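Worksheet for the structure shown next.
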Amino acid sequence: MPPATATPKSDVTQDAPARSDRRARRRQETISEILDIARHVMTTEGVNGLSLAEVARRLGVQPPSLYKYFPSLMAIYDALFLDGQRENLEAMRAGMEGADSGLDALIAGLEASGRWCLANRAVAELLFWRPVPSFRPSAEAFAVSSEMVELQRGVLADAVAQGQLGPGANDESAIYLVSTIIVGVLSQAFANEPDLPWGEGRFTPMFATLMRLLPAAFPPGGATKD
């Protein structure tokens, strides 16, 4: 009987990274599946209706198996928050690209954000409302939200530079007002017309009109606040 042939050491060395890559890919695929299931649960059961037990049941595993991927339910919420913020920011940037700079870009970007929110209602609620009082996003997840605010602040500055808005629009109060307008419109749409796309119904068509009132709040030529 001939002696067993040993696997060359170089082949073992080459196989190790491949196996590691496959494991990493399978892990990422499972994480993505868990988050997809979590989104679906939140959509059908409400954001606060998400539970590890229900995610595990739909994934076909026991709840303790999820801890290999997420240490807690709050960690799943945090991952959803981070992904949602990134998607919303990308939608807003894409909306601004085809618009004239200044007020038009701000309106177009926020309308694109509104369309994303209506198409992803459960995640949008997690981002902009407080459906889970005990949830606090991590610093990493919240950093994307800050980036979105800075994007809006930059577009408001463009509107001021072009004389569309007065210098008061460079103040933090302008950000608060813009946020109140878009979230107010979405709140009404979510509560009364959740299945209608952006631009249909009673509420979302009013957004552009409300934004055109900004020059009344920050009149061009107004004095800069001390």
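The values are calculated or read from the model by the stated rules, or taken from the named source; none is laboratory data. The shown structure was predicted, so the numbers you read here are calculated from the model rather than taken from an experiment. Counting neighbours? That spans all protein chains shown, and the Cβs are built from the backbone with ideal geometry, glycine included. Note: accessible area is taken over every heavy atom of the protein model, side chains too, but ligands, DNA and RNA are not part of it. Shrake-Rupley method; radii C 1.70, N 1.55, O 1.52, S 1.80 Å.
Cβ-Cβ contacts under 8 Å between residues 6 or more apart (or on different chains), taken from a first residue in the range 20-38 that is closer than 15 Å to R57 by Cβ to a second residue that is of a type in the set (K, R) and at pLDDT 95 or above, are listed as I37/R58. Among the residues that make up the range 98-113, is at least one of them in a helix (DSSP H, G or I) and under 18 Å from W129 (Cβ atoms)? Within the range 98-113, one or more residues are in a helix (DSSP H, G or I) and under 18 Å from W129 (Cβ atoms). With respect to A191, is the statement that it is open to solvent by less than 40 Å² (accessible area, probe 1.4 Å), part of a helix (DSSP H, G or I) and of a type in the set (G, A, S) true? No: the conditions fail for A191. Evaluate the following for G154: is it in a helix (DSSP H, G or I) and touching a Gly at 6+ places or on another chain (Cβ under 6 Å)? The answer is no for G154.
Checked across the range 35-54, the condition of being under 21 Å from the mean Cα position of the chain (by Cα), farther than 20 Å from P133 by Cβ and of a type in the set (D, E) holds for at least one residue.
Criterion applied to L196, L210 was being outside any helix (DSSP H, G or I) and either hydrophobic (A, V, I, L, M, F, W, C) or surrounded by 13 or more Cβ atoms within 10 Å (Cβ to Cβ) (or both), and the one residue passing it is L196. Scan the range 169-181 for residues that are open to solvent by less than 40 Å² (accessible area, probe 1.4 Å) and touching a helix residue (DSSP H, G or I) at 6+ places or on another chain (Cβ under 7 Å) and the total you get is 5. Would you tally the residues in the range 39-60 being part of a helix (DSSP H, G or I), touching a helix residue (DSSP H, G or I) at 6+ places or on another chain (Cβ under 7 Å) and either touching a residue at least 24 places away in the same chain (Cβ under 8 Å) or exposed (fewer than 13 other Cβ atoms within 10 Å of the Cβ) (or both)? Matching residues across the range 39-60 total 7.
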